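Take a look at the structure below.
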Amino acid sequence: MRFTLGSRQWFTNRRRPIIARVCALVMPLLMVGCATLSGKRTEPGDTHPRLGPTTYYEEGLIAFLGVDTNAACKSVKRDNELFPLAFVYVNKTKDNLRLTTESITLRDDAGTVYSLASYREFREKYVSRAAADNRLSESFRRFTNMHLGISPDGLAPYTQDPLPFYGLQGARSDRLELGASRFVRGLLFFPKPPGGLKGRLFELNVSSPDLADDIFVRFTIC
């Protein structure tokens, strides 16, 4: 099944977050003001709303996408070719959503698009740092659990699956099929862009052959 999220924008007037698009559709019917879930409309060039100091998110009727930049910020001064980005993706539909390593891209404020680092690149250039970076993402797990209604005793409207791209949570695979009301959360790794990370605006974009349009979230690092 394919779902339509609406038109897209980037840092210019080509794209708007999902919630802003939904608002634009329903506002003539409701005849009332419409804002994002955070109470602040996200305009082109802005970052998305935050759940915590370093946790940004986008949420619509079909998916929730979140990123956390704490581990990325700590990597700014390290001489690594790759950097980590904590990631969560929730399927809020009643159907399966397929993702691959090619589904996720990062765009910087110069317009350059970066693919995920390959598993081989990760093993050769970064694997020794992964456990420490995962610990830096603990607040991200806490904030997203609260937002998604996941309680300490395990009661939740959503169920977590392993994120398989780097084999950090079990068997490794370049593909995953996310069932209804299921989510993945873990670390992604990207090449460090020329010009560094600190203070720059980025956009993480996620596509699926089961969705007519992508979902994305804008954020800054440090």
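See the values below:
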| quantity | calculated |
| --- | --- |
| Pick from the stretch 173-222, criterion basic (Lys, Arg) and in contact with a Leu (Cβ under 8 Å, 6 or more places away or on another chain), ranking: surrounded by the most Cβ atoms within 10 Å (Cβ to Cβ) | Arg218 |
| Identity of the residue in the stretch 144-167, among the aliphatic types (A, V, I, L, M) and buried (at least 17 other Cβ atoms within 10 Å of the Cβ), that ends up modelled with the lowest pLDDT | Ile150 |
| Single match in Ser173, Ser151 (criterion: small (Gly, Ala, Ser) and either farther than 22 Å from Leu82 by Cβ or in contact (Cβ under 8 Å) with a residue 24 or more places away in the chain (or both)) | Ser151 |
| Selection status of Tyr114, of a type in the set (Phe, Trp, Tyr), under 13 Å from Leu163 (Cβ atoms) and in contact with a Lys or Arg (Cβ under 8 Å, 6 or more places away or on another chain) | no |
| Check on Arg172, under 24 Å from Thr100 (Cβ atoms) and out of contact with any strand residue (DSSP E or B) (no Cβ under 8 Å at 6 or more places or on another chain) | yes |
| Number of the exception - Asp95 against (1) out of contact with any Pro (no Cβ under 8 Å at 6 or more places or on another chain); (2) crowded, with 23+ Cβ neighbours inside 10 Å | (2) |
| Selection within the stretch 139-178 - of a type in the set (A, V, I, L, M, F, W, C) and not in a loop (DSSP other than H, G, I, E, B) | Phe140, Phe143, Met146, Leu148, Leu176, Leu178 |
| Candidates Asp109, Asp210, Asp161 - the one that is under 21 Å from Asp46 (Cα atoms) and touching a Lys or Arg at 6+ places or on another chain (Cβ under 9 Å) | Asp109 |
| Qualifying residue in the stretch 18-29 (condition: modelled with pLDDT of 95 or more and within 16 Å of the chain's Cα centre (by Cα)) | no |
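The values are calculated or read from the model by the stated rules, or taken from the named source; none is laboratory data. None of these values were measured; they are calculated from a predicted model. Note that we place each Cβ from the backbone using ideal geometry, even for glycine, and neighbour counts take in every protein chain shown.
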